[in-house]
């Protein structure tokens, strides 16, 4: 709340943007829960080699521990806003925390790969809603004038998670068990849930339009079908096997049915009419391709350090940290450059850096210098941190204000879908390449082959970034010629970008 006090002249003093203690308490409690879901996106990566051995599973099977989690995140993102309006943000936040905590318990107790994957999906259903809901709660508590300062709090765990997640996972596996990478969430949840119940403000739900359940069912099952079909390429060593093309084909048909349904429904789960705008379509390709290249490659380096170089899980956590450090350096710089030059040019440079700095990993050998790879990871992280947010900002530049709330979850969903499909593709490529590798050099070449695919996925985003840059420049010229600027739309865009970063 803004404080006012009489001035010497008897007039009220101007409002201050000082943030009250109550707002910081609400924000801190909300972020306590959100930290769990953020860390879980990276903490499991260093455990894949251990899980593969413990569960006696191939890489194409165990990668579903990551892929299933990301698919469930993508599925719940579009319904988060509707659920918070319908049932109240606090109520849904508590349910999400509980689902995530219970899912973590079951993951830690899993005795097979199938059980672990199913429980990771449950965990993802809760985890996918935690961060957006935390931001909604924080924004409501802070108010529009203080939103920027409070949202800066969100950036701290976002920047630290890619660095600390692998290290925390490594320490837990090294000194306890892989099960504790999930059990640790129970400890945090046991603290966060009662605090959220007691300290978060109550808000009643309201009448809303019905959720598009048919659309949700079609897109969720369709994506699972396609991803499952792709994962079966490695064990059957063919794309023409029925175990590959049948689920993938059914998935494609379900997605086609979703498109038809979404174009006819009054309130579809995703507003596909936005894709009529070239700049939005370009941004969508960028988010999908970057998600595939970035999240997919995140499973490769931990496997390289452990399986080929023989490093411990703690050392692996430390060695994968430089990429998170690069992201932490790149994000604030990209934000300032985007404000000055626009999102399109910054996203283009970020994507090019990401693609080029993946090449050293495509040329990786069994004894490649550790400092060299660490330096490449830092620069690659800078490129990654300079890509996502500027691309979304450029996408919002030519949207109407009412379209921003539809665009934000769609771009977020595409990023997660790209990550899940990219993880599956790179895991299959690596497993197939390793099948004939009987020497350290051949094994290193297998990792190089997978990283070349990552280079290609990142390069796909370059041309759409050029389209984004031109569309954004055209939009700015039109606004300049009109001689007016819409500050409300700019504020809405800023808020959407902050939400999308989750």
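Each reported figure results from applying straightforward, stated rules to the coordinates on display, with no laboratory input. The structure presented is a predicted model; accordingly, all values stated were derived computationally and were not measured. Don't worry about glycine lacking a Cβ; one is built from the backbone with ideal geometry, like all the others, and counts go over all protein chains shown.
Side notes on the structure shown:
- For residue 190 and residue 203, the difference between the fully extended length at 0.36 nm per residue and the C-alpha to C-alpha distance is 2.4 nm.
- Rg/Rh for region 270-502, where both radii come from Cα atoms and Rh is the Kirkwood radius: 1.04
- Crossing angle, helix 64-87 versus the chain [Cα axis fit, 0-90 degrees, rounded to tens]: 20
- From the C-alpha gyration tensor of region 388-436, square roots of 5λ in Å: 35, 10, 5
- Degrees, to the nearest 10: 440-459 long Cα axis against longest axis of the chain: 30
- Proxy reagent accessibility, fewest Cβ within 10 Å first, across 179, 21: 21, 179
- Between residue 176 and residue 56, the modelled labels are 2.7 nm apart [label points 7 Å from Cα along Cα→Cβ].
- Scaled to the globular estimate 2.2 N^0.38 Å, the Cα spread of region 186-234, given as radius of gyration, is 2.00.
- Here each label is just a point 7 Å from Cα along the line to Cβ, and for residue 336 and residue 372 those points are 3.3 nm apart.
- Extension gain for the segment residue 441 to residue 356, taken as residue separation times 0.36 nm less the Cα-Cα distance, is 28.3 nm to one decimal.
- Rounded to 10°, Cα long-axis angle of helix 180-199 versus longest principal axis of the chain: 10
- The P(r) of region 212-267 has a tail past 19 Å containing 33 percent of all C-alpha pairs.
- The mean sequence distance of close C-alpha pairs (under 8 Å, at least 6 residues apart), as a share of the length of the chain, puts its relative contact order at 20 percent.
- Value at 222 nm in deg cm²/dmol, rounded to 500, when DSSP H runs of n ≥ 4 in the chain each add -39,500 (n - 2.57): -26000 deg cm²/dmol
- Rg/Rg_globular for region 17-207, with Rg_globular taken as 2.2 N^0.38 Å and Rg from C-alpha atoms: 1.05
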